[in-house]
1. Per residue Cα convex hull volume for region 33-180, in cubic angstrom?
2. Find, among the trypsin sites (Lys or Arg not before Pro) in region 40-102, those assigned to loop by DSSP (not H, G, I, E, B) with at most 10 other beta-carbon atoms within 10 angstrom.
3. Would you list which aspartates and glutamates come within 19 Å of LYS130, measuring only between C-alpha atoms, while excluding same-chain residues fewer than 8 positions from it?
4. Quick one, can you get me the convex hull of the C-alpha atoms of region 121-163 expressed as volume per residue in Å³?
5. Evaluate the Kirkwood expression for the hydrodynamic radius of region 16-99, namely the inverse of the mean inverse distance over all pairs of different C-alpha atoms, and round to one decimal in Å.
6. 222 nm [θ] for the chain, helices only, -39500 (n - 2.57) per DSSP H run of 4+, per residue, to 500?
7. Which residue, PHE58, PHE121, PHE50, tops the fluctuation ranking in a GNM of the chain built on C-alpha contacts under 10 Å?
8. Average projected area of the Cα convex hull of region 62-144, in nm²?
Amino acid sequence: MACFGRLLFAIFLSVVLPLAVEAKEAAVLTVTGQVAHPNRPPFDPFTDGFFAHYDIKFDKAHAFSRQDLLRLPQVRVILHYPNWPKAMAFRGPRLRDVLAAAGAGGKTVSVQALDGYAAEFPMEAVSGDKVVLALDVDGHALGIGGRGPTWLVFPPGAMPGQDTSNDSGLVWAAFHIKVE
Ligand SMILES: Nc1nc2c(c(=O)[nH]1)N[C@H]1C(S)=C(S)[C@@H](COP(=O)(O)O)O[C@H]1N2
Ligand SMILES: [Mo]
């Protein structure tokens, strides 16, 4: 009987428990560097294969799932750069709220995309209320293969020294933000 109880317990551990306890949502954006509220382990060359591909190493990092980012206050902004086919409605949290949730400090914010493109901004410049880390465009979730998982957007003229003739600096496919 004790043996049967142990068998039931083993079945519970191996079958029932893994079904009941969902894995944590996958990260879509990770803030690394001067981060006061890390929520994941430091860089590991095996686990963090894609970071390793770009030679990105870090001790402190805060990873956000899409759900994490949706839990922050959301803003909606309509933008139309001269090189776009049409105006588009973006939705997502302000970048400053994302950085605050990570406890990000420092002077420089570097936003890096899956394709290797990166843009660097002074911390003050991305702390304004017009700088949004978009998750949706025109009611559709941004995804990988499109311009997701996140798209850094701001209106023409919102960045000091910005060339407003195109959307240079609006990093699409953004997955990593380094603060230092
Ligand atoms: N991921 C990513 N974002 C990017 C770029 C890029 O090459 N990759 N180019 C930037 C520049 S220089 C411009 S003008 C706009 C538009 O680039 P696109 O024509 O390649 O979309 O996106 C900006 N964001
Ligand atoms: Mo560009």
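Just so you know, all these numbers are worked out from the coordinates, no wet-lab data involved. Source: prediction; values computed, not measured. Please note: Cβ atoms are built from the backbone with ideal geometry, for glycine as well, and neighbour counts cover all protein chains shown.
1. In region 33-180, the Cα hull volume divided by residue count equals 107 Å³.
2. LYS86
3. ASP97, GLU120, ASP138, ASP163, ASP167
4. Values: hull volume 4.0 nm³, N = 43.
Measuring per residue, one finds 92 Å³ for the Cα hull of region 121-163.
5. Working: mean 1/r = 0.0645 Å⁻¹.
Hydrodynamic radius (Kirkwood, Cα pairs) of region 16-99 is 15.5 Å.
6. On the way: 5 runs with 33 residues, N = 180.
It lands at -4500 deg cm²/dmol.
7. Judging by the Gaussian network model, the answer is PHE50.
8. Its Cα hull, projected and averaged over all orientations, spans 6.1 nm².
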